[in-house]
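All of the numbers you see were taken from the coordinates with simple rules; none came from a lab. These numbers were taken from a predicted model, which means no experiment stands behind them. When we count neighbours, we look across all protein chains shown, and the Cβ atoms used for this are built from the backbone with ideal geometry, even at glycine.
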Amino acid sequence: MAVSGNDLSKSDPLDFSAPSPSTPSERVDTSSRSSYISNAPDPRPEIPCPLENGPEKHDVNGNAGMSGINGKMKSGRAPWLGLYESFLLKNASQIASVESTLQHLTYLFPGKFKDAEVASEVVYSALGILGLYHDTILARALSSSASCSKYQPSLHTRYTRHFTTHSAVYKKIAYFLAVIQKTELLIEVMSRKYGGQRGQRTAIVGIESTKAACRLALLQICGSRTLVTPPIPEREVDPKVLDPDDPIALADVGEEDGDYWMMPRTGQKLPRLKEDSDATQYLMKKVLLPDDVVPGRKLIHPLTTVDGRIKEILYILRPLLYALLTLLASRLRESKRFEGHQARKVVNWMPWVVGFALEYICRDGVIDSLSNEGGIRAALTKLTGLEKRELEKRSNSMWWWTLRGQFYDSVTKPILDKMIKKTENIPLLNLVGLYVGDYQYLMETYHFATSTL
């Protein structure tokens, strides 16, 4: 929690400007000293915290009114919710390992028993939503702990935290979108089970429409800036740092016994590098780059050109358009209007080609916006670190198109089938082929099994 020097001076019992009972002569001396001290700069530096969510009230000693990681129970909240948060923070070191173990167990469910996909998605969705709630608790606890000053947030965390802190509407929409992404496959599975293919198609279009509307709203709130994925801060710190009984988690890197060098004159300890190759990495951590000093909202450039905005809007609408084209193609096949081989081939490939082309062309709208002033080369040099990260993530997600639509049916599926057939009699490798075969059913049956946006 950031505590400025001015706030401390108002509640400091040693502040000579505060009235105190004294003799008349002492009051004169005190007022003279008060006028000098009140105009003097406060020598105590302000210690900013990257996870600060807002100002808190402080007592006369300058301590937060709800000090400590166990004092986060707010008035008006359910008692059991506060007890759960206290239990969570007391066992912070086991949070990540338990969540990871349970999520990995869901990977073993598909194809093992009846309705396995329902059970696995119920567990996976519940863990995803619970993880979002844990992230908010850990972020608040970290902001008031001693480890806050040692934590350097990523560019993505700084950007998303800026908007979730300064815009209540952005925060609600972003978390609502995150919950939809955690539960979309479960909704599709349940829709297919109880509504058949007709119910599944309705659920797909409805979910994609809701997500597109949420992203368009976020685009407007952010001032026509490229949307980042995910739109909320991610957990970047090991929960062990909140455990006061874990000295290893709270210790600075390089300050263990025998792993530092003490300066002979000042006695200051400097970490000893284990390898010479670590020198550059160590020095880069000490250097402030332009992205480290700019405000969070300036980590993404606004889309100032019409072409850039249209590209970003089409990129947001791409999943919905792909779902609608897939629905149209399935209805055309059912209507039997295209009996010829060429006509059926065009119908089958149409959703995949249009969706792939839209995502490939519209993924770099920020480059078009920046290239309006000095060309593409100048635009590439103006990209921030967060914009480069988002463009790289969008480029890597293009590989998922090998597991979608007609490309999967015509190219990827025959390759996987041959691999499974060749390894079915080889020990250990046949287990890999078995699990690949189980997940083939998910990719062939459910739309959101390969969704990336």
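A few comments on the model shown:
- Protection-proxy order for peptides 120-133, 179-192, each taking the mean of Cβ atoms within 10 Å per residue, highest first: 179-192, 120-133
- Of the GluC sites (Glu not before Pro) in the stretch 287-375, those whose Cβ has at most 11 other Cβ within 10 Å and which sit in DSSP loop: Glu339
- Anisotropy class of the stretch 370-453 from Cα gyration tensor, a/c 1.5 cut: prolate
- Restraint check, Lys345/Lys413; Lys193/Lys311; Lys90/Lys286; Lys193/Lys413, Cα-Cα greater than 28 Å: Lys193/Lys311; Lys90/Lys286
- Whole-Hz couplings from phi, Karplus 6.51/-1.76/1.60, listed for the stretch 427-439; x for Gly and Pro: x, 6, 5, 5, 5, 4, x, 5, 6, 4, x, 5, 7
- Per-pair calculated FRET efficiency, R0 = 60 Å: Leu270 and Ser209 via Cβ, rounded to 0.05: 0.55
- Global geometry of the stretch 310-436, whether rounded, prolate or oblate, following the gyration tensor of its Cα atoms and the 1.5 cut on a/c: oblate
- Charged neighbours of Thr164, selected by a Cβ distance under 10 Å, balance to +3 (K, R count +1; D, E count -1).
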